């Protein structure tokens, strides 16, 4: 089994991924705070290069789920400088794979369109999206200059699989359910190479809306949503409603 370092292991996303990842990999956890499930965590502040370097020794891939959205200084430190430290450590240690994560940049420009595929990424003027777009530029630069495979997974909403229908609710277009995200990470770690050593993939769990296509991630990684989210939108007919006529 390969060994992966999960950075941001105690955040809003990481704890939901550990059990699923452990079915496929040896998982090393890194974060600046304790894990909410009591799992052992190596202290790693991604703004400190030496801490990232030491935590990454001996792993086969780094999964970067660290993020800061709102603090004017820490957001740049975590989202941009932290990404740089992850990439630099991977290059210096000979780690072949970095899985980077970030928000999707597609829906603001294409909110009313359908069958949207691999479109150019634009951050707009929001500081958080701007810092994450800068981190993608770093990913591409490192993949171009070093023997690294860098895969970026872009999404918006995350959560567990609902246990029943969703009356009067909807899943936002870029919703990713936990099992699908684990599967995407597994595929990203296991794939040998991606075109140009760097690729960004839009990711979600629900094809029924017909808006954001998953053709690219299906073609390159073999990803397909496995959670059957379509079933959540089926509604029983009211018994008092007969055929129209």
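Miscellaneous remarks
- Taking the conditions (1) part of a loop (DSSP other than H, G, I, E, B); (2) surrounded by 21 or more Cβ atoms within 10 Å (Cβ to Cβ) in turn, residue 139 satisfies each one other than (1).
- Residue within the range 59-76 that is more than 20 Å from the chain's Cα centre (by Cα) and surrounded by 15 or more Cβ atoms within 10 Å (Cβ to Cβ) present: no
- Listed by first and then second residue, the pairs with beta-carbon distance under 8 Å, at least 6 apart or on different chains, first residue in the range 162-177 and without any contact (Cβ under 8 Å) to a residue 24 or more places away in the chain, second assigned to a loop (DSSP other than H, G, I, E, B), are 172/156.
- Applying the condition of being in contact (Cβ under 8 Å) with a residue 40 or more places away in the chain and under 20 Å from residue 2 (Cα atoms) to the range 25-58 and asking which residue is surrounded by the fewest Cβ atoms within 10 Å (Cβ to Cβ) yields 58.
- All positions within the range 186-214 that are part of a helix (DSSP H, G or I) and either modelled with pLDDT under 95 or in contact with a strand residue (DSSP E or B) (Cβ under 6 Å, 6 or more places away or on another chain) (or both): 188, 189, 197
- Selection over the range 59-87 of residues that are free of Cβ contacts under 8 Å to residues at least 40 places away in the same chain, part of a helix (DSSP H, G or I) and over 19 Å from residue 14 (Cβ atoms) gives a count of 1.
The values are calculated or read from the model by the stated rules, or taken from the named source; none is laboratory data. Note that this is a predicted model, so its numbers are computed, not measured. As a convention, Cβ positions derive from the backbone with ideal geometry for all residues, glycine included, and neighbour counts pool all protein chains shown.
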